[in-house]
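To start, the structure itself, in structure tokens.
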């Protein structure tokens with residue numbers, strides 16, 4: 001991801017001088033894609049669905065965890081015969097393995113769902129930004145990034161930030 005971003009920034013820097021010397025004005029703006037998702041109506045809805053999806057899986061894991069604790073406690077009963085104790089320990093081991101597989105499966109499902117949502121919203125945001133760029137004559141709109149991603153824009157004048165316009169355009173498109 002970092003190599004792609006560095007390549008992308010390199011292309012932009014190579015491309016900018018061509019427009020800077022051209023007779024037409026060169027307009028650049030920035031957006032915060034994460035903020036667009038968090039502030040747009042459809043983005044809020046998608047984030048809420050993602051949260052609900054994760055919460056449902058977390059409740060299943062918590063129930064499994066509780067069942068494991070009870071099974072472990074039951075296998076510790078000093079009044080139990082050795083044969084019954086071995087059966088309980090075997091049940092515990094089998095349930096523990098299933099529990100660990102389920103956690104891995106749920107983590108994979110949640111990550112896939114997150115990637116899908118991010119991919120879908122990146123396209124929607126790109127489309128909304130393109131409409132604004134064409135309407136208002138911007139040559140380029142860059143994502144400023146955040147602490148969780150690579151920051152492409154290290155400094156910008158706040159007047160260059162089109163995040164709210166992109167939020168409004170995305171809301172208009174997804175009504």
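Got a number for residues in the stretch 134-175 being within 21 Å of residue 41 (Cβ to Cβ), in a loop (DSSP other than H, G, I, E, B) and in contact with a strand residue (DSSP E or B) (Cβ under 6 Å, 6 or more places away or on another chain)?
Residues that pass the stated criteria total 1.
Look at the stretch 135-147 and say how many of its residues are surrounded by fewer than 16 Cβ atoms within 10 Å (Cβ to Cβ) and in contact (Cβ under 8 Å) with a residue 12 or more places away in the chain.
Of the residues in that region, 4 qualify.
Given the structure, is residue 125 buried (at least 16 other Cβ atoms within 10 Å of the Cβ), outside any helix (DSSP H, G or I), under 22 Å from the mean Cα position of the chain (by Cα) and on the phi < 0 side of the Ramachandran plot? Full working, then the answer.
On the way: buried (at least 16 other Cβ atoms within 10 Å of the Cβ): yes; outside any helix (DSSP H, G or I): no; under 22 Å from the mean Cα position of the chain (by Cα): yes; on the phi < 0 side of the Ramachandran plot: yes.
Here the answer is no, as residue 125 does not meet what is asked.
Quick one: which of 105, 109, 97 is within 15 Å of residue 61 (Cβ to Cβ) and either touching a residue at least 40 places away in the same chain (Cβ under 8 Å) or not in a helix (DSSP H, G or I) (or both)? Show your work before the answer.
Numbers: 105 fails: either touching a residue at least 40 places away in the same chain (Cβ under 8 Å) or not in a helix (DSSP H, G or I) (or both); 97 fails: either touching a residue at least 40 places away in the same chain (Cβ under 8 Å) or not in a helix (DSSP H, G or I) (or both).
From the options 105, 109, 97, the qualifying one is 109.
Looking for whichever is at pLDDT below 90 and within 27 Å of residue 51 (Cβ to Cβ) here; the options are 98, 129, 148. Which one fits? Outline the logic, then answer.
Values: 98 fails: at pLDDT below 90; 129 fails: at pLDDT below 90.
148 is the lone residue from the list that is at pLDDT below 90 and within 27 Å of residue 51 (Cβ to Cβ).
Given the criteria under 20 Å from residue 175 (Cβ atoms) and at pLDDT 90 or above, does residue 141 qualify? Write out each step before concluding.
Working: under 20 Å from residue 175 (Cβ atoms): no; at pLDDT 90 or above: yes.
Answer is no for this residue.
Every residue in the stretch 129-147 that is within 14 Å of residue 34 (Cα to Cα) and in contact with a helix residue (DSSP H, G or I) (Cβ under 8 Å, 6 or more places away or on another chain), please.
As a first pass, look at the stretch 129-147 and keep what is within 14 Å of residue 34 (Cα to Cα): 129, 142-147.
Hits for the stretch 129-147 are 129, 142, 143, 146.
If the requirement is being at pLDDT 90 or above, within 20 Å of the chain's Cα centre (by Cα) and within 21 Å of residue 130 (Cα to Cα), which of these qualifies: 58, 33? Steps first, please.
Details: 58 fails: within 21 Å of residue 130 (Cα to Cα).
When all the criteria are applied, what remains is 33.
The values are calculated or read from the model by the stated rules, or taken from the named source; none is laboratory data. Quick caveat: nothing in here was measured; it's all calculated off a predicted structure. Heads up, the Cβs are rebuilt from the backbone with ideal geometry, glycines too, and the neighbour counts pull from every protein chain shown.
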